[in-house]
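Asks: Could you have a look at this structure, given as structure tokens, before my questions?
The values are calculated or read from the model by the stated rules, or taken from the named source; none is laboratory data. What you see is a predicted model, and the numbers here were worked out from it, not measured in a lab. Cβ sites come from the backbone with ideal geometry, for glycine too, and all protein chains shown count toward neighbours.
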Amino acid sequence: MSSPELQSLSENPYGLSAIWQQGDSVILSVALLLLIMSISSWTIIAIRTWHLMTLRKQMEAVKSFWHTQNFQEAQQLLGSNTPANPFRYLSEQGHSALIHHQTHQQDLHGKLPLTDWVTDSLSSAIDESAECLQRGLTLLASVGSTAPFIGLFGTVWGIYHALVNIGASGQASIDQIAGPVGEALVMTAFGLAVAIPAVLAYNALVRANKSVLGKLKRFAHQLHAYFLTGVHFSGSQTEPMQAKISQLKEVK
């Protein structure tokens, strides 16, 4: 592009820079609000996408979980015990519930059946993991649903300015209506540009989270069978649970 063309764009009285300089406080507030919403939604999209990519590695590790020789070795395959690792957290919570139930028989929960106690602990861990997976999705849904209306508000305000200018001058010239109408069109486009990625990302993340929760529930079912019987439900032999219980009693 030649220098005369660049100069003509910079001097365009109806360009984005001119709209920013000539826009009133309402138009500037709408533009800033949409900009903040866009930055917030893209930040959440980046964080949630990175989290799902790390979860893929953990889901692959779950496939090898039951091929190890003991429970401690199996847990090492799941990675570190962090809130971002729901599979390791689930196994830790289930194992802790088992140990706590066996070593605190004098407590009220010691009167409960072991299967109910472990089931409740695993369910609580899944609920907590689901809350972690859904963080930020409410903001994405809000941005996707409200950004078009905020842009529409800028459109209505721009048209209102055009009508006021026409009424004050007593004649409808292109110079008097082009600027406000340009502001209106830019706000509409800006609102749609903010809303569309947020809606698409929200739907994709919700679907991915459902897949993760489905695998997490299947893993919880396997852990429940292991903690109660010491044998993986598919029939592969692991540490006998009775040996674990006898060891705990000896320590106690």
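Asks: Right, GLN58: more than 20 Å from the chain's Cα centre (by Cα) and either assigned to a helix (DSSP H, G or I) or at pLDDT 80 or above (or both) or not?
Replies: Answer is no for this residue.
Asks: How many residues are touching a helix residue (DSSP H, G or I) at 6+ places or on another chain (Cβ under 9 Å) and more than 29 Å from LEU205 (Cβ to Cβ) if we restrict to the range 132-171?
Replies: Of the residues in that region, 14 qualify.
Asks: LEU52 passes all but one of (1) in contact with a Lys or Arg (Cβ under 9 Å, 6 or more places away or on another chain); (2) at pLDDT 80 or above; (3) of a type in the set (A, V, I, L, M); which number fails?
Replies: (1)
Asks: Return yes when ALA184 is at pLDDT 85 or above and buried (at least 16 other Cβ atoms within 10 Å of the Cβ) and no when it is not.
Replies: Here the answer is no, as ALA184 does not meet what is asked.
Asks: Of everything in the range 72-101, what is crowded, with 17+ Cβ neighbours inside 10 Å and more than 19 Å from ILE126 (Cβ to Cβ)? Give them in sequence order.
Replies: Answer for the range 72-101, where residues must be crowded, with 17+ Cβ neighbours inside 10 Å and more than 19 Å from ILE126 (Cβ to Cβ): just LEU77.
Asks: I need the full set of residues from the range 30-66 which are small (Gly, Ala, Ser) and in contact with a helix residue (DSSP H, G or I) (Cβ under 9 Å, 6 or more places away or on another chain), in order please.
Replies: Hits for the range 30-66 are ALA31, SER38, SER40, SER41, ALA61, SER64.
Asks: Please give the number of the condition PHE87 fails out of (1) of a type outside the set (Asp, Glu); (2) within 30 Å of ALA201 (Cα to Cα); (3) assigned to a helix (DSSP H, G or I); (4) modelled with pLDDT under 80.
Replies: Unmet condition: (4).
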